[in-house]
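For reference, the structure is listed below as structure tokens.
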Amino acid sequence: MTNTAKSLGSTESADTAPEQSGPYVQSLARGLSVIRAFDGDHPQMTLSDIARRTGLTRATSRRFLLTLVELGYVKTDGRMFALTPRVLELGFSYLSALSLPEIAQPHLEQLAASIHESTSASVLEGTSVVYVARVPARRIMSVRISIGTRFPAYATSMGRVLLASFSPEELDEHLDGIDFEGLTSHTITSREALVRELAYVRVQGWAIVDQELEEGLRSIAVPILHSSGSVIAAINVSTTASSHTVESIHDNLLPPLQLAAERISKDLTASRPFSQPKTSGISPS
């Protein structure tokens with residue numbers, strides 16, 4: 001154990017809560033919750049901050065933090081804690097197997113260069129979209145978007161494209177876990193209204209979100225499809241309300257976006273010809 005870990009750990013008693021029986025490993029879940037407590041708004045935190053964000057006791061939080069320090073995933077000066085670049089290893093295997101980021105990136109770069117707007121790719125994780133590739137043309141949001149950034153799927157164009165691929169039963173189950181929040185005055189916050197909107201997305205094959213995630217931000221998204229017709233990801237173009245009307249987005253940005261999606265889908269299928277994701281209900285048109 002490092003000297004820092006020894007000094008920090010000497011004043012705390014061990015957590016005596018029993019480990020949950022069965023296949024669920026509670027200690028692993030707690031350790032992951034400590035890692036996930038860090039984000040763009042909280043890159044450095046004290047022990048108290050982490051305990052508060054995870055809902056764990058200070059003693060439990062300290063034990064997990066010191067373990068992560070020992071393993072090289074967290075660094076500390078004795079008071080503040082922060083993640084190290086080594087945490088990227090935890091997601092590298094998934095991203096490598098997925099192959100989406102490296103395949104999508106050159107197509108997104110070409111698209112961004114041709115339309116002079118920001119482009120991104122994401123996948124669905126729980127009730128959020130997670131960015132796995134991005135080409136920023138300029139900063140158009142108040143928050144900084146990077147690989148791994150998460151937004152609520154219901155309020156994003158990529159999220160709606162992904163949700164529209166669900167079967168009715170899957171969508172019902174998914175929506176049960178959503179706490180609808182009015183992020184702006186335009187955000188859809190009704191389950192019924194979202195279901196209706198997703199029905200349109202499913203038929204037309206694309207989604208436009210007009211200032212629902214952030215005031216002044218508009219985006220349009222299309223699915224990335226497997227050869228079987230399954231939706232495996234989504235890409236979008238984001239712009240400002242002052243730059244493009246909804247009609248302009250549809251007329252000028254949708255065609256090149258669809259072309260990029262077709263090329264990414266083709267390259268993904270070629271790289272994984274025998275992979276068969278679940279069937280989707282979204283139209284590729």
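The values are calculated or read from the model by the stated rules, or taken from the named source; none is laboratory data. Quick caveat, the model's predicted, so the values are computed rather than measured. Counting neighbours? That spans all protein chains shown, and the Cβs are built from the backbone with ideal geometry, glycine included.
Listed values, structure above:
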| quantity | calculated |
| --- | --- |
| Residue among Leu56, Leu68 that is free of Cβ contacts under 8 Å to residues at least 40 places away in the same chain, in contact with a strand residue (DSSP E or B) (Cβ under 6 Å, 6 or more places away or on another chain), not in a strand (DSSP E or B) and not assigned by TED's automatic domain parsing to the domain that holds Asp179 | Leu68 |
| Cβ-Cβ under 6 Å pairs, at least 6 apart or on other chains, the range 71-83 side in the same structural domain as Ser61 (by TED's automatic domain parsing) and over 13 Å from Leu47 (Cβ atoms), far side of a type in the set (Gly, Ala, Ser) and assigned to a strand (DSSP E or B) | Lys75/Ala82 |
| Test result for Ala155, aliphatic (A, V, I, L, M), within 20 Å of Ile224 (Cα to Cα) and not assigned by TED's automatic domain parsing to the domain that holds Asp41 | yes |
| Check on Arg202, at pLDDT 90 or above, outside any strand (DSSP E or B), assigned by TED's automatic domain parsing to the domain that holds Leu254 and surrounded by 16 or more Cβ atoms within 10 Å (Cβ to Cβ) | yes |
| Positions within the range 205-231 being in contact with a strand residue (DSSP E or B) (Cβ under 8 Å, 6 or more places away or on another chain) and outside any strand (DSSP E or B), in sequence order | Gly205, Trp206, Gln211, Leu213, Gly216, His226 |
| Some residue of the range 141-158 being part of a loop (DSSP other than H, G, I, E, B) and crowded, with 21+ Cβ neighbours inside 10 Å | yes |
| Members of the range 142-155 that are within 11 Å of the chain's Cα centre (by Cα) and at negative phi | Ile145, Ser146, Ile147, Thr149, Arg150, Phe151, Pro152, Ala153 |
| Exclusive hit being assigned by TED's automatic domain parsing to the domain that holds Gln105 and without any contact (Cβ under 8 Å) to a residue 12 or more places away in the chain, set Glu125, Glu212, Glu181, Glu169 | Glu169 |
| Residue match in the range 232-241 (condition: surrounded by fewer than 16 Cβ atoms within 10 Å (Cβ to Cβ), at pLDDT 90 or above and not in a strand (DSSP E or B)) | yes |
| Which listed residue, of Ser167, Ser128, is under 25 Å from Ser230 (Cα atoms) and in contact with a helix residue (DSSP H, G or I) (Cβ under 9 Å, 6 or more places away or on another chain) | Ser128 |
| Any chance Asn252 is modelled with pLDDT of 95 or more, among the polar types (S, T, N, Q) and under 20 Å from the mean Cα position of the chain (by Cα) | no |
